[in-house]
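A short reminder: the numbers here are calculations on the coordinates, not readings from a lab. Small disclaimer: the values here were computed from a predicted structure and weren't measured. For neighbour counting, all protein chains shown are included, and Cβ atoms are generated from backbone atoms with ideal geometry for every residue, glycine included.
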């Protein structure tokens with residue numbers, strides 16, 4: 001593979017050339033969703049980012065094994081008022097079943113990902129389906145002296161681990177601050193008294209009587225800690241050390257820092273060569289949060305049913321809007337920004353379709369090869385989709401000028417530009433033709449559908 | 001629930017009134033696909049049948065927990081030529097990963113099910129994700145003396161179990177024949193010498209060195225037998241005894257017979273109140289089989305790309321064709337049959353749409369209430385969709401006659417008939433509007449799309 005793809009490695013805080021451990025194979029692990037609620041804006045960004053990365057690496061010739069987990073080990077509890085006896089007397093079907101909730105939101109997540117045109121990962125392991133592997137890894141960490149049991153739960157011993165390892169390196173935390181109790185994870189406020197140090201984190205938790213999801217283990221009937229699933233599942237499917245681990249920047253600490261500690265604590269090896277993190281999104285300049293009333297699900301964006309939205313936005317508008325920013329920049333969602341993205345994308349795709357109507361000339365007045373070269377250069381520079389799109393708009397300008405007769409292109413150049421537009425817009429950036437209409441716009445929709453390229457043997461139309 | 005729904009119970013070989021164990025809750029378990037190949041015609045029938053059953057039970061007011069498993073504990077092996085050492089030296093990413101194959105075909109199965117408009121089950125557990133539960137059940141069976149270990153594998157002891165239990169009752173097999181070695185399962189030709197009796201079946205198998213999917217157990221590094229997953233997962237999500245277990249008739253023996261033995265052998269209780277089995281399909285009168293060249297996948301049906309197909313058939317055509325036979329009858333697939341189904345369905349849905357254009361009269365010349373009553377009666381009589389559809393065609397006849405002016409209906413009767421057609425065609429039988437077109441038919445498609453009912457706030461059109 002002779003290419004100059006560089007990506008920013010969160011571990012070194014630098015752009016590094018991407019050289020896989022075992023080319024042409026690439027192992028990619030991305031932290032997946034917790035499926036106890038609707039997918040929201042925060043899910044769209046990482047999964048679009050790593051979808052584009054996967055598409056591009058495959059285009060470069062790599063064989064990518066893309067693993068993205070489903071976090072389904074939930075924390076639902078039966079109603080404590082009822083007491084254990086009353087719950088035990090209830091028929092199985094009357095009891096709350098976390099897996100029904102898991103299934104509902106996994107399906108909803110898949111629907112949203114499909115709408116956003118994200119190619120499904122090659123393996124999508126569920127945490128609940130890998131309890132055996134998680135218990136095995138906890139045992140290894142304990143055998144190496146980096147974890148201890150306390151009252152049926154098992155905790156990672158950060159102080160002992162830090163004697164010979166650099167805990168905090170990825171996230172830039174200072175170990176002394178952590179040991180002093182700053183920044184300990186919110187998910188474990190209960191059980192603090194079981195820990196030797198506030199910085200320690202749970203590998204296994206003993207289940208309280210009300211806790212529904214539970215499995216037997218050498219320590220207690222309980223459930224795995226939050227971090228261990230990603231370490232155990234990435235090792236199972238990608239090996240002890242793999243190429244790229246991705247996720248949102250909010251996962252740097254404690255989640256990814258703990259993943260490194262768990263892997264090194266069990267097999268002595270650092271798990272990941274390149275850590276990649278996408279930045280956060282804001283909504284009208286504010287952090288998104290349920291308490292702030294600006295929490296927007298993907299479904300609400302697609303239908304427009306949220307008080308902050310002045311219209312609905314199609315999945316491709318969301319995708320294009322996200323790609324119009326570099327993944328390491330913060331991104332602010334606003335109606336104005338989304339409407340501008342919608343117009344821009346329509347302009348881009350209309351031009352891509354218009355290439356079939358261009359008439360060739362004897363000479364060319366524009367350099368179409370530069371469009372492709374510049375777009376490649378942008379993706380090679382830390383997957384800069386924003387800059388790549390700006391170069392595609394130079395292609396749009398040329399196409400529209402040639403169509404208007406103010407510029408000329410040779411037949412070869414028309415073919416080259418057509419290929420560039422299709423390669424980048426559809427194959428690499430993953431856009432697709434879609435038409436959204438409401439009420440009296442339907443007639444217009446029909447005309448648009450008619451204009452879609454009819455190269456397939458047969459087409460099925462659906463509407464929803 | 002005051003209704004006269006009767007279903008044929010394979011266990012009693014009789015039609016029985018459906019009375020759930022713990023109304024209004026209903027537990028339904030249906031054997032899901034083995035995801036090591038494309039979904040085919042054999043998958044369409046059971047999942048459409050039990051989708052209609054679920055829709056109808058929900059309509060009757062039941063709270064249905066529908067569990068359908070994914071059999072992903074596969075039997076892939078690494079290339080034996082390479083030897084264990086060479087495989088161990090290979091990087092993890094270079095090795096065959098069964099879960100990639102599982103994911104590919106699970107996604108493909110879901111795509112087909114969505115196309116057929118089957119509502120996803122409430123829980124879709126994977127066998128590989130429930131090894132702990134399977135091992136626990138094997139331990140229980142062993143503790144009760146109904147299973148034994150042999151060379152790292154564990155077998156169910158059919159002879160000992162039969163002393164106090166009726167092995168063979170569901171499938172009508174005679175235990176003496178089974179013990180003599182007739183009809184032992186094909187999947188276990190290897191390992192016969194480890195069994196005390198040919199009728200015994202594996203609960204746990206020790207993995208050979210080449211076998212990829214393996215888990216630790218008290219007996220060996222290995223994998224669960226074929227039958228134990230359904231017993232363990234149905235118990236986990238529906239309880240020790242639940243209402244309905246469904247599947248194809250080919251699963252009666254040994255699969256479902258073994259499920260009963262496993263459940264009774266572990267907890268002493270029969271697992272299922274009503275066993276429901278759909279009959280098989282044939283293709284042009286022949287059994288479907290890869291060696292016969294008449295093996296047709298759902299994808300091939302949808303695209304028409306198979307030498308036996310004279311055209312493509314839309315997912316709704318397949319659905320309608322399957323519902324035009326009672327689920328307990330054999331069903332023969334042929335181009336003629338499918339084309340007739342396509343015409344019939346179009347006629348039915350066109351009439352359902354036409355109801356909005358009917359002009360009311362002062363009196364009615366037809367009894368529209370009988371249409372609904374008869375359609376209900378058909379579903380109540382062992383889910384007879386074939387008869388229900390024939391009564392809907394009486395509704396079609398009335399609608400077309402009223403539209404042509406040869407019959408009259410009052411406004412109330414038009415409303416009643418409209419509701420009947422929508423309830424049965426869309427909600428209970430699960431049909432949906434779809435348009436399939438190729439090449440020059442596209443213009444016609446646009447006109448059809450225009451005529452679709454535009455009651456949603458906004459619609460998204462996609463094409464594929």
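Relative protection proxy for B:156-166, B:300-310, from highest mean packing down: B:156-166, B:300-310 (other beta-carbon atoms within 10 angstrom). The order of the peptides A:325-332, B:261-268, B:230-237 by mean Cβ neighbours within 10 Å, most packed first, is B:230-237, B:261-268, A:325-332. Chain A versus the axis that turns it onto chain B: the residue with the nearest Cβ and the distance in whole Å amount to A:129, 1. Rounded, prolate or oblate: which fits region B:67-190 when a ≥ b ≥ c are the square roots of the eigenvalues of the alpha-carbon gyration tensor, with rounded for a/c under 1.5 and prolate only if a/b beats b/c? The shape class here is oblate. Measuring between their Cα centroids, region B:121-178 and region A:91-170 lie 31 Å from each other.
Note on residue A:76 and residue A:221: with the Förster distance fixed at 22 Å, the Cβ-Cβ geometry gives a FRET efficiency of about 0.90. Cβ crowding within 10 Å, taken as a proxy for footprinting-reagent exposure, orders B:116, A:60, B:238, A:423 from fewest neighbours to most as A:423, A:60, B:116, B:238.
Antiparallel beta bridges, as assigned by DSSP with both residues in chain B, represent about 50 percent of the total such bridges. Counting Cβ atoms of other protein chains within 10 Å of each residue's Cβ and taking the mean over peptide B:126-136 gives 4.
Classify chain A as rounded, prolate or oblate from the Cα gyration tensor: take a ≥ b ≥ c as the square roots of its eigenvalues, call it rounded if a/c is under 1.5, otherwise prolate when a/b beats b/c and oblate if not. Note, shape of chain A comes out prolate. Short-range pairs are left out: with C-alpha atoms under 8 Å and at least six residues apart, the relative contact order of region A:14-105 is 39 percent. Value of Rg to Rh for region A:281-451, rounded to two decimals, is 1.03; Kirkwood radius and Rg both from alpha-carbon coordinates.
Quick one: pull the percentage of alpha-carbon pairs in the protein assembly as shown with a separation above 52 Å.
Roughly 23 percent, rounded to a whole number.
With contacts taken as Cα pairs under 8 Å and at least 6 residues apart, chain A reaches a relative contact order of 17 percent. Bridges between two residues of region A:6-278, per DSSP, are antiparallel at a rate of about 50%. The relative contact order of region B:6-278 comes to 25 percent, based on Cα pairs under 8 Å that sit 6 or more residues apart. Counting other Cβ atoms within 10 Å as a rough exposure proxy, the listed residues A:426, A:167, A:66 run A:426, A:167, A:66 from fewest neighbours to most. Label-to-label distance, residue B:403 versus residue A:36, with points set 7 angstrom from Cα along the beta-carbon direction: 5.2 nm.
Note on A:89-102: average number of Cβ atoms from other chains within 10 Å of each residue's Cβ is 5.
Cα centroids of region B:8-50 and region A:230-269: how far apart, whole angstrom? Between the Cα centre of region B:8-50 and that of region A:230-269, the gap is 41 Å. Legend: mean number of C-beta atoms from other chains within 10 angstrom of residue C-beta atoms, peptide A:103-110, equals 3. Between 0 and 90 degrees, the angle of helix B:257-267 with respect to the longest Cα principal axis of chain B falls at about 60 degrees. Classification of region B:6-278 by its C-alpha gyration tensor yields an oblate form. The axis ratio a/c (a ≥ b ≥ c) is 1.5 or more, and b/c is at least a/b.
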